Amino acid sequence: MTKILVDGTEVDVPADYTLLQACEVAGAEIPRFCFHERLSIAGNCRMCLVELKGAPKPVASCAYAVKDCRPGPNGEPPEVLTRSGLTKKAREGVMEFLLINHPLDCPICDQGGHCDLQDQAMAYGVDSTRYHENKRAVEEKYIGPLVRTAMNRCIHCTRCVRFLAEVAGVPDLGAIGRGEDMEITSYLEQAMGSELQGNVADLCPVGALVHKPQSYNVRPWELHKTESVDVMDAVGSAIRVDARGREVMQIEPRISEEINEEWISDKTRHVVDGLRLQRLDRPFLRENGRLRPASWGEAFSAIAAKMKGADPKRVGALVGDLAGVEEIFALKQLMGSLGVTNLDARQTGEALDPAWGRAAYTFGPTIPGIERADAILLVGTNPRTEASLLNVRIRKRWRMAPLAVGLILDEQPDLTYPYTYLGAGTDTLTSLGKGEHSFFEILQKAEHPLIIVGEGALGVPGALAAAAALAKEVGAVAEGWNGFGVLQTAAARVGALDLGFVPGEGGLTFSQMLEPGALDVVFNLGADERAIPPGAFVIYQGTHGDAGASRADVILPGAAYTEKSATYVNLEGRVQMTNRAGFPPGDAREDWAILRALSDILGKRLPYDSLGGLRKALYAAHPHLAAVGSVEPSDMAALETLAALPGRSEKAAFASPVADFYLTNPIARSSRVLAECSGLARGRALEAAE
């Protein structure tokens, strides 16, 4: 530790701290534009200038290390002044310089109200300028459907360039020209290809990059803000839902060091219009082959009539990817009271059983734990499309110190970091487990090897057992380190498996229930990814007019994740909770309340009348779900169980379940913005194939 004086306050800081960090430890506020805690240091805005005693001129505190400061003539600690006259004059000069070419368009700028330049000009600027030359004019750039440019405002902080190059791992933006002719551009003015590109508008401190879908629609002071979690994938990113009245207007990231840091994917951010398009806002009943609007009473009566006398063995319940724990728990209790054992939430057909232990379906090392790994094997997964923020962590670990990454998949995608392609499927995994591949030695020699198994492998019989046996062989699970993780893609999956929403004794699996003639009645709780064949009477409870609603005989309109307080369990096994930012449209209701009302009509009344009562019963049955925000560690012994599972691996290739990153669920498929992104992504893929 090194002693340093900041405005007369002595603090002890590590020698490799910058002056900016030391000043913040001392409680001094340092303005900045180019500096960002998660990006490399550029030192090009100069707004963070401070006076360093003994230095001939003010120094950029973001780029000056404490260890480079000279002590006083008698060995006194270095002294930094952040409020001196010299510092004040230097900052005023920098601000005057930054505003030379900045247009005076605050009233029509979408960044107005949360603009760093606006705030710092008020705090550190002056009310006049010595410059009277014409302002620079820069032609606007097309960089895609998600980010709109106003490059006259750009101050060349290069935050956007550094984010895309360092965090996202794609060279989508860069600088051309020099001096006054310097411009930030995508070179050929093509759309950016990163699935994280919306974050550059969050990073931009001056309004040169703003979110195009929200342009001219909303001001920050019009919104009420609700903290929530994302359900577009199983990562469970921390988000803030901003609504105006009943309508969600934008979704922004919240800081969560343990999950998403401060980034979110474009699907998470721009699914907003999908929340209001193609919504189910009233019950529907199919008559003479056509769906007609109906009352709740009519819909419930039709269900009761069909269930009356139905054989429980011919009734099944399916759960989709966006369902909360509360409604899954209520549905399981309702089906249990009816004697139904045909239950399943494993929509992609993966072979997982909660009886094997939580290690069989959770990400054991946790997301922050990725940073401890020194060798990684990806089995049947493309983390860039299946869990974008988890892929960001892997890239972050690779940037800390390059490590070996191996991939077993039927394609060779761009993961934004180098990897060794090992093969396509079970043959490669089997040979690796026998030590017949050089990558086996890399895993064996690593102190913290990490094996990540994706849903592409979970659907192949025997693949999970082979991966677990490999993890055991290379010592991936040891005291103080759990290096075996399963990467789920659906927000509802881990919660449903925690509740045991899988076939009971003699029950049918998801795939078996979808076979023609297998069932007479199917209760579908938001499962839209697989088609239900003709013949069965289908009750669909969901939010959007997607595939499930098109096939339904009765539609019960539910609430989206922004319209209810619901529990979700992310891929780590971390318990999280959404908060209601608005209300469901029309006659739609919260899903647990629909099931509670239906249970009355079916004569199997559920024993709770409020969400609090439901959660009390839920926590009594599954105590770990009451610990919101925490991760219950996986049982290390479960790896032995997985490795000893009977059966041999079938010869098959591992294919990622996410064919289109932007259109993975009913809400995303209803979004026009994400549909445009999907079209551009397909075009890029075709160009690459040619």
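The values are calculated or read from the model by the stated rules, or taken from the named source; none is laboratory data. Computed from a prediction, not measured in an experiment: that's the story for all the values here. Here the Cβ is made from the backbone with ideal geometry for all residues, glycine too, and neighbour counts use every protein chain on show. Protein only, heavy atoms only, side chains kept; ligands, DNA and RNA dropped before computing areas. Shrake-Rupley method; radii C 1.70, N 1.55, O 1.52, S 1.80 Å.
As I understand it, the value is the acute angle between the Cα axis of helix 463-474 and the longest principal axis of the Cα atoms of the chain; what does it come to in degrees, rounded to 10? With both axes taken from Cα atoms, the answer is about 50 degrees. Across region 416-484, counting alpha-carbon atoms alone, Rg and Dmax equal 11.8, 32 Å. Annotation: lysines with alpha-carbon distance below 24 angstrom to Lys267 (same-chain offsets under eight excluded): Lys141, Lys212, Lys225, Lys396, Lys564. If you wrap the tightest convex hull around every Cα atom of region 112-198 and split its volume per residue, you get 130 Å³. Extending 7 Å from the Cα toward the beta-carbon at both Ser610 and Tyr124 defines two label points whose distance is 5.1 nm. Loop-located GluC sites (Glu not before Pro) in region 51-139 (DSSP state other than H, G, I, E, B) with a sparse environment of at most 10 neighbouring Cβ atoms within 10 Å: Glu133, Glu139. Restricted to Cα atoms, the chain shows a radius of gyration and a Dmax of 27.9, 96 angstrom.
Looking at region 263-331, which trypsin sites (Lys or Arg not before Pro) are in a loop (DSSP not H, G, I, E or B) and have at most 10 other Cβ atoms within 10 Å?
Answer in residue order: Lys308.
Tell me, which longest segment in the chain has none of the chymotrypsin sites (Phe, Trp or Tyr not before Pro) that fall in DSSP loops with at most 12 further Cβ atoms within 10 Å?
Working: sites that count: Tyr131, Tyr187, Tyr216.
Longest gap between qualifying sites, sites excluded: 217-690.
With the largest listed first and rounded to whole Å, the semi-axes of the equivalent ellipsoid of region 555-642 from the Cα gyration tensor are 29, 17, 12. Accessible area per residue for the chain, computed on protein heavy atoms with a 1.4 Å probe, is 41 Å². Summing charges over neighbours of Ala566, with a neighbour being any other residue whose Cβ is under 10 Å away from its Cβ, gives -3 when K and R count +1 and D and E count -1. Surface composition of the chain: carbon and sulfur make up 51 percent of the accessible area, probe 1.4 Å. The distance separating the Cα centre of region 387-401 from that of region 95-131 comes to 36 Å. Expressed as a whole number of Å, what is the distance separating the alpha-carbon centroids of region 559-592 and region 439-493? Measuring centre to centre over Cα atoms gives 31 Å. Relative to the dominant Cα principal axis of the chain, helix 611-621 is inclined by about 80°.
With kT/(6 pi eta Rh) evaluated at 20 °C and eta = 1.002 mPa s, and Rh the Kirkwood radius from Cα pairs, region 616-690 diffuses with a coefficient of 121 µm²/s according to Stokes-Einstein.
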